[in-house]
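Reading through the structure tokens given below for one structure.
The values are calculated or read from the model by the stated rules, or taken from the named source; none is laboratory data. These numbers were taken from a predicted model, which means no experiment stands behind them. In case anyone asks, the SASA skips ligands and DNA or RNA and just uses the protein heavy atoms, side chains included. Shrake-Rupley method; radii C 1.70, N 1.55, O 1.52, S 1.80 Å.
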Amino acid sequence: MRSNPNIAFRRIAFSLVEVVIALGIAAFVIIAITGLLPVGLRLAADSSDESRSVNILSAIASDRLTSAASSNSVLYGIPPLNSSQTASNSFGVSEVGAYVSTNWNQARYRVTYKLQPPASGRLDPWLLSLRITWPAQSTNPLNAVESLVAIPQ
């Protein structure tokens, strides 16, 4: 008995219904991925800002730690470690971490610090509390990173 060649062809081919279902699934996946792209891009930008702000805080802490205790820090002007008073202030920092002063229009980040001396007669460390927020112009920013640095005497 001879086999019919049309039967073999039907077994390996896709029907129109199968093709339409496959295209529908592919379209659904493409639409879902396209909808997630803006969220992913925003999260990547937020992550980049947060990483940059952590690096800036590290640079500020390093600047105070490596500067002479009797003078302001070299790059950011954090007060000397020779007072019995708590010092606090804010300054601006550019996108690359350069000191900008208090001109918030030129700054990308706002750094607020609080330098607390140890209790009198004790060998406790100085405490440098740092908070960086962005954008610098905002009076009520949604983005912030904080750090606490212990500076030995």
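Between Ile31, Ile132, Ile60, the GNM of the chain built on Cα springs shorter than 10 angstrom shows Ile31 fluctuating the most. Protein heavy-atom accessible surface, 1.4 Å probe, per residue over the chain: 69 Å². Note on the chain: with a GNM built from Cα contacts shorter than 10 Å, the maximum mean-square fluctuation among Leu57, Leu130, Leu37 falls on Leu37. With all protein chains in place and a 1.4 Å probe, the accessible surface of segment 59-153 carries 49 percent carbon and sulfur. Segment 104-153 and segment 38-65 have Cα centres lying 15 Å from one another.
Largest GNM mean-square fluctuation across Ala45, Ala59, Ala26, computed for the chain with C-alpha springs under 10 Å, falls on Ala26.
In terms of its alpha-carbon gyration tensor, segment 72-153 comes out prolate; a/c meets the 1.5 threshold, and the first ratio a/b outweighs b/c. Normalised by the number of residues in segment 8-110, the mean separation of alpha-carbon contacts (under 8 Å, six or more apart) gives a relative contact order of 12 percent.
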